[in-house]
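First up is the structure itself, then whatever we jot down about it.
The values are calculated or read from the model by the stated rules, or taken from the named source; none is laboratory data. What you are looking at is a predicted structure, and each value in this text was computed from that prediction instead of being measured. In this analysis, Cβ positions are derived from the backbone assuming ideal geometry, glycine residues included, and neighbour counts consider all displayed protein chains.
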Amino acid sequence: MLQYLLMCRSLTYAQRASRALERIGITAIITKAPKSVTGQGCNYCVKVSERNLVKSLSTLKEAGLGPSRVFLVSHDGSVSEVPG
């Protein structure tokens, strides 16, 4: 299953985003963003499944927690930015 990384501007925002998604029944895992995405590896993101992407994005936007960037994690582990 494909996974998406929803980039958050801080750990606090990632925690808020995760809670907002969990409240509506979407499993959201907080993780550090890969260094290949950030350059430093100090950003945080929320990982969601492909089937929950659209609902996750709309929920976070309504809550004022929309991600700064979205990345697709392919089956082989490669990460690519989703054009927005």
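Some notes on this structure:
- Residue match in segment 31-41 (condition: of a type outside the set (Val, Ile, Thr), out of contact with any His (no Cβ under 6 Å at 6 or more places or on another chain), surrounded by 14 or more Cβ atoms within 10 Å (Cβ to Cβ) and at pLDDT 95 or above): no
- Filter pass, ILE24 being without any contact (Cβ under 8 Å) to a residue 24 or more places away in the chain and in contact with a Ser or Thr (Cβ under 8 Å, 6 or more places away or on another chain): no
- Within segment 36-84, the set of residues being under 11 Å from the mean Cα position of the chain (by Cα), hydroxyl-bearing (Ser, Thr, Tyr) and closer than 17 Å to GLY25 by Cα comprises SER49, SER56.
- Across segment 8-27, the number of residues qualifying as under 12 Å from LEU60 (Cα atoms) and not in a helix (DSSP H, G or I) comes to 3.
- Checked against (1) at pLDDT 95 or above; (2) touching a helix residue (DSSP H, G or I) at 6+ places or on another chain (Cβ under 7 Å); (3) assigned to a loop (DSSP other than H, G, I, E, B), PRO67 meets all criteria but (1).
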